[in-house]
1. Take region 77-99 and flag every residue that is among the polar types (S, T, N, Q) and modelled with pLDDT of 90 or more.
2. Of all residues being surrounded by 14 or more Cβ atoms within 10 Å (Cβ to Cβ) and touching a residue at least 24 places away in the same chain (Cβ under 8 Å) in region 69-83, which is nearest to Val13 (Cα to Cα)? Just the residue, please.
3. Return the residues of region 7-23 that are in contact with a helix residue (DSSP H, G or I) (Cβ under 9 Å, 6 or more places away or on another chain) and among the basic types (Lys, Arg); say none if nothing qualifies.
4. Residues being surrounded by 14 or more Cβ atoms within 10 Å (Cβ to Cβ) and part of a strand (DSSP E or B): count how many of those fall in region 84-104.
5. Considering each of Arg34, Arg19, Arg72 in turn, give the residue that is more than 20 Å from Ile94 (Cα to Cα) and under 11 Å from the mean Cα position of the chain (by Cα).
6. Please list, ordered by first then second residue, the pairs with beta carbon atoms under 6 Å, 6 or more apart or interchain, first in region 43-68 and more than 30 Å from Lys6 (Cβ to Cβ), second surrounded by 10 or more Cβ atoms within 10 Å (Cβ to Cβ).
7. Of (1) surrounded by fewer than 15 Cβ atoms within 10 Å (Cβ to Cβ); (2) at pLDDT 95 or above, Val36 satisfies all except one. Which?
Amino acid sequence: MAAKIKKGDKVIVLAGKDRGAEGEVVSVMPTEDRIVVRGVNLIKKHQKQTQKDQGGIISLEASIHVSNVALRDPSTGKPTRVGFKIEDGKKKRIAKASGEVIDG
């Protein structure tokens, strides 16, 4: 299966406690079908002090299932599905809603 959502894409959360939130994809885990989105699905973690890091309770982003997010349409800013089109011998991702090519 081709990668429909990649690192650096702007996505909108469709389900869960952060529904409606927008953010940038920080990392993608294709084998687990999960992604990490900046500012979404924040958890608190108790961190032990190390030589370079202070201990305490830190906040970080946990992964979210890829089915719970949709790519943000570059023209309208609304959630859209992703399609593929071959132009000039190169495979490009397009937004299904507007037909516009997605950067990346």
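The values are calculated or read from the model by the stated rules, or taken from the named source; none is laboratory data. On a predicted model such as this, the values are computed, not experimentally measured, just so you know. Ideal geometry is used to build each Cβ from the backbone, glycine not excepted, and the neighbour counts take in all protein chains shown.
1. Passing the criteria: only Thr80.
2. Val69
3. Arg19 - this is the single residue of region 7-23 that is in contact with a helix residue (DSSP H, G or I) (Cβ under 9 Å, 6 or more places away or on another chain) and among the basic types (Lys, Arg).
4. Final tally of qualifying residues: 4.
5. After ruling out the rest, the residue left standing is Arg34.
6. Lys48/Gly55; Gln49/Gly55; Gly55/Gln47
7. Here Val36 clears every test but (1).
This table checks each residue for (1) assigned to a helix (DSSP H, G or I); (2) more than 27 Å from Lys96 (Cβ to Cβ); (3) among the small types (Gly, Ala, Ser).
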| site | (1), (2), (3) |
| --- | --- |
| Val11 | no, no, no |
| Val25 | no, no, no |
| Gly39 | no, no, yes |
| Lys45 | no, yes, no |
| Lys52 | no, yes, no |
| Leu71 | no, no, no |
